[in-house]
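The values are calculated or read from the model by the stated rules, or taken from the named source; none is laboratory data. On a predicted model such as this, the values are computed, not experimentally measured, just so you know. Here Cβ is always computed from backbone atoms with ideal geometry, including for glycine, and neighbour counts include all displayed protein chains.
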């Protein structure tokens, strides 16, 4: 494996060699972020459920254009933190 494995077997690249280290770093960061997302999804870390209060509230959620405005209006600070 070469020092810049993300550039192995690449032909006709116009990326100057001075940028290869940054390019490799971007690949590494991408791989780490992707693994975090995959692991989080497997662990249901991104799953949040709110108790339904009433049908009117559900209708407002379905009609909203901005989920963050809706959360601020209808949910507590703690519930918003869980969502974020």
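Within segment 28-47, track down each residue that is at pLDDT below 90 and surrounded by 11 or more Cβ atoms within 10 Å (Cβ to Cβ). Residue satisfying the conditions is 45 alone.
Tell me the helices (runs of 4 or more DSSP H) entirely within the chain that contain at least 2 residues that are touching a residue at least 24 places away in the same chain (Cβ under 8 Å). The qualifying helices (runs of 4 or more DSSP H) are 77-83.
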